[in-house]
Ligand SMILES: [Zn+2]
């Protein structure tokens, strides 16, 4: 497999990148419940592998600040955030209406510490965006993040708050255009929906399509209004292998980078697209999956790497460990070091696992059709007369990072919050789909607007993110970063001289 080869002149692919890695030692203790496939323990397993492979010492290891209510409310509805904060396993029986309203209870259960779990994983993703905005690293990693299904006022698909949307909103403060790429096996519906009507965020999702959760992500869903051609969907079928996947991924993403020219990229690295996943049905190897990271990295654009799905947890840890190595430019040994979760990795105790012999249902002809369709859409974007790319404004000087800075109230400048009033909130999915369909039907039959449709108006071009067009002139926030002392290996201590 080739290495991408799209390095910018400013740095070859082999050049080391400065990497920030967000990890909270508590994250592995959260538990969705018996039999639930989503296991935050996989994040701790990943971390243990990173520690024992000696990768932590090559990057800045940070404990995220928990996101606060008002941080979450940059995207989510106030009443939904209040609900998440107050609901407990003990009180949920008294809140049946609310549970139903916010889609909490089954796929998205109430469990002990639910709200702090949300604060932790969102804090890591937003913290990564802040680090990138300040130019303090080239790549930021938060394997606990990437929960792409969460909606403005609804939990979905094991996701409660959408850390990705929050991180992209943060990146939009500094970057005119942000690219979101999603390689989870499921469609990145929550992120697509949030930015469906803006041209400042392009979303590209590669996913299983057809009788599969969440059901959205048709190749014909391309964005709406100003956002037309800024949503890309790559629908795939069972058993796709590395070669077929990259037959699409590389030309499509290469073209996206050429025509969209993002100032920052967010890559959701959901590991349920790996071969042998408990819920997935693709046949990617870890190297094939990681090739997406390598390819994105080769463009030398600030990169936020997030986790996502992944339900055969030994393979999730393998994958995200290997991808951390790719981010660092370090080739990780296949032989696994002894560590506390070593027994999960038998009988081979190796990092890489062979893909299966399952049938690849993606015919070459179908792949060609999808590729041509998407490249055609991208060429329309390229030639659209209204599309005028602006040069990125220069970075604003920022003060020295105070590593001991720990005042939660000073972390984010409240004045720079991208609060949006209701009429600027993104279109809910169901409404969005109706809007798109009704465009074809000349805006007739606009029925079935649910409670989530409040705030929807037909002038759909105005969205959360178009509200922030002049973001580059806003004052830069204080970094929301705290160094995690007890979590750093001794070997990396010297990297943090106390100021
Ligand atoms: Zn998934």
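The values are calculated or read from the model by the stated rules, or taken from the named source; none is laboratory data. Being a predicted model, the structure only gives us computed values, none of them experimental. Methodologically, a virtual Cβ is constructed for each residue, glycine included, from the backbone with ideal geometry; neighbour enumeration extends over all protein chains shown.
Things to note:
- Output for the stretch 120-141, where each listed residue is away from the ligand (no atom under 16 Å from the Cβ), within 23 Å of residue 56 (Cβ to Cβ) and part of a helix (DSSP H, G or I): 120, 122, 123, 124, 125, 126, 127, 128, 129, 130, 131, 132
- Identification of helices (runs of 4 or more DSSP H) wholly contained in the stretch 67-106 with 1 or more residues that are under 22 Å from residue 123 (Cα atoms) yields 69-72, 78-86.
- Test: residue 277 is assigned to a helix (DSSP H, G or I), within 22 Å of the chain's Cα centre (by Cα) and either within 16 Å of the ligand (Cβ to nearest atom) or at pLDDT below 95 (or both): no
- Residue within the stretch 174-181 that is under 19 Å from residue 256 (Cβ atoms), assigned to a helix (DSSP H, G or I), touching a strand residue (DSSP E or B) at 6+ places or on another chain (Cβ under 7 Å) and away from the ligand (no atom under 13 Å from the Cβ) present: no
- From the list 316, 234, 293, the lone residue that is closer than 18 Å to residue 202 by Cβ and either more than 16 Å from the ligand (Cβ to nearest atom) or over 15 Å from the mean Cα position of the chain (by Cα) (or both) is 234.
Listed here are the residues, each with its yes/no results for (1) surrounded by 22 or more Cβ atoms within 10 Å (Cβ to Cβ); (2) within 16 Å of the ligand (Cβ to nearest atom).
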| residue | (1), (2) |
| --- | --- |
| 204 | yes, yes |
| 207 | yes, yes |
| 230 | yes, no |
| 241 | no, no |
| 246 | no, no |
| 254 | no, no |
| 288 | yes, no |
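- The one condition from (1) within 23 Å of residue 21 (Cα to Cα); (2) more than 16 Å from the ligand (Cβ to nearest atom) that residue 144 does not meet is (2).
- Residue 222 vs. criteria more than 16 Å from the ligand (Cβ to nearest atom), under 26 Å from residue 346 (Cα atoms) and under 20 Å from the mean Cα position of the chain (by Cα): no
- Among residues of the stretch 149-165 that are touching a residue at least 60 places away in the same chain (Cβ under 8 Å), those with a beta-carbon under 8 Å from a residue that is more than 14 Å from the ligand (Cβ to nearest atom) and part of a strand (DSSP E or B) at least six positions away or on a different chain give the pairs 162/151; 163/142; 164/180; 164/266.
- Residue within the stretch 327-345 that is more than 16 Å from the chain's Cα centre (by Cα), under 26 Å from residue 256 (Cα atoms) and buried (at least 19 other Cβ atoms within 10 Å of the Cβ) present: yes
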